[in-house]
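Data block below; observations after.
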Amino acid sequence: MAGGVRRKSPGSPSPLWGKLHTLWQDKHLVLFKTQYTLLVVSVLWFLEIGFNAWVIQKVAYTEIDWKAYMDEVEGVINGTYDYTKLKGDTGPLVYPAGFVYIFTVLYYITSHGVNIRLAQYLFAAFYLITLLLVFRIYHRTKKVPPYVFFFVCCASYRIHSIFVLRLFNDPVAMMLLFGAINLFMDGNWTLGCGLYSLAVSVKMNVLLFAPGLLFLLISEFGLIRTIPKLSLCAGIQLLLGLPFLLENPVGYMSQAFDLGRQFMFKWTVNWRFLPEWLFLDRYFHLILLASHLLALLLFALRRWKRPGESIFDLLKDPSKRKAPAQKTTVDHILFSHLV
């Protein structure tokens, strides 16, 4: 009406309000749509902070290897660099030199290994960092529905036990490994190889990921340009192990990288269904090793190359291959490492 007061038209809703409104409408799909992965993992990660604190305070700590770790690094602190003379409660020192340096730092932080509660909180921090790295990988893939992440962390008794109730060295090695995989996803191959080598220097079982990494490097760079990356990995191992190699090279290599070491049946989880005699049988070990190598060979011949290509074509520089080199994807990286 002329001369009348004009009504103010309602403004358009803010972007934040629009997102919240969409989230409320799709609330029944939050656990199933990958677009909500970041939201779900953020909530789970903050819940894990409180859950780990509760576990540390309420669940009894289990002494298995921590005291042995502290005894082993104490021997190095006291001046023993011969690996064959470094021992703990559970036997000789059987981990590479990176383990010694990292757990020496933990030795001093935890008042010579006596402050177990502080050590548990440090390992809880390692767990939370590892969880962030794992969540970031899944977030980048956009393939896994968000509800799965509850089973990855909160519902897992074993993962909390390994990290905060038993203080194994596996958490440190895997934290470094997942850090390396994140760097590979971002295209930081040199830094990633350095971090991967550090993970190997904490525990030798990280070498199981080496075939996948080797394939990725050759696929991305060709054989010639892969050599510097492998040299970096080897150089880090040499540098870290140098004090022990100078003292007793054979002793260090045989102890830190002992491929024939026997694992005790009472500590196994995955193979508990087997009778002890079979678990300890060397022929069973050889069958497992042969099966692993055969699987790698089959993947190399059937999956790690394009149809019509020779596996040897991968050794060439990417610019000189018959088919143009494809950009390495996150899925490619994860699949290669899982294999």
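The values are calculated or read from the model by the stated rules, or taken from the named source; none is laboratory data. Note that the coordinates shown come from a computational prediction; the quantities given were computed from them, not determined experimentally. Heads up, the Cβs are rebuilt from the backbone with ideal geometry, glycines too, and the neighbour counts pull from every protein chain shown. Surface accessibility is based on the protein's heavy atoms, side chains included, excluding ligands, DNA and RNA. Shrake-Rupley method; radii C 1.70, N 1.55, O 1.52, S 1.80 Å.
Here are the numbers:
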quantity: Qualifying residues in the range 223-272 (those that are polar (S, T, N, Q), without any contact (Cβ under 8 Å) to a residue 24 or more places away in the chain and within 23 Å of Pro211 (Cβ to Cβ)) - the one least open to solvent (accessible area, probe 1.4 Å); calculated: Thr226
quantity: Matching residues, the range 171-187, being modelled with pLDDT of 95 or more and open to solvent by 40 Å² or more (accessible area, probe 1.4 Å); calculated: Met174, Phe178
quantity: Some residue of the range 35-52 being under 30 Å from Val164 (Cα atoms), at pLDDT below 90 and either open to solvent by 50 Å² or more (accessible area, probe 1.4 Å) or assigned to a loop (DSSP other than H, G, I, E, B) (or both); calculated: yes
quantity: From Arg140, Arg158, Arg166, residue being within 27 Å of Lys229 (Cα to Cα), charged (D, E, K, R) and either open to solvent by 30 Å² or more (accessible area, probe 1.4 Å) or without any contact (Cβ under 8 Å) to a residue 60 or more places away in the chain (or both); calculated: Arg140
quantity: Which numbered condition Thr328 fails, given (1) surrounded by 11 or more Cβ atoms within 10 Å (Cβ to Cβ); (2) among the β-branched types (Val, Ile, Thr); (3) at pLDDT 70 or above; calculated: (3)
quantity: Selected residue [touching a His at 6+ places or on another chain (Cβ under 9 Å), part of a helix (DSSP H, G or I), under 28 Å from Leu86 (Cβ atoms) and at pLDDT 95 or above] from Tyr121, Tyr127, Tyr108; calculated: Tyr127
quantity: Residue match in the range 273-280 (condition: part of a helix (DSSP H, G or I) and surrounded by 18 or more Cβ atoms within 10 Å (Cβ to Cβ)); calculated: no
quantity: Among (1) without any contact (Cβ under 8 Å) to a residue 60 or more places away in the chain; (2) part of a helix (DSSP H, G or I), the one test that Leu213 misses; calculated: (1)
quantity: Residue match in the range 106-113 (condition: of a type outside the set (Phe, Trp, Tyr), surrounded by 18 or more Cβ atoms within 10 Å (Cβ to Cβ) and under 21 Å from Ala199 (Cα atoms)); calculated: yes
quantity: Candidates Ala97, Ala119, Ala125 - the one that is in contact with a helix residue (DSSP H, G or I) (Cβ under 6 Å, 6 or more places away or on another chain) and closer than 18 Å to Val172 by Cβ; calculated: Ala97
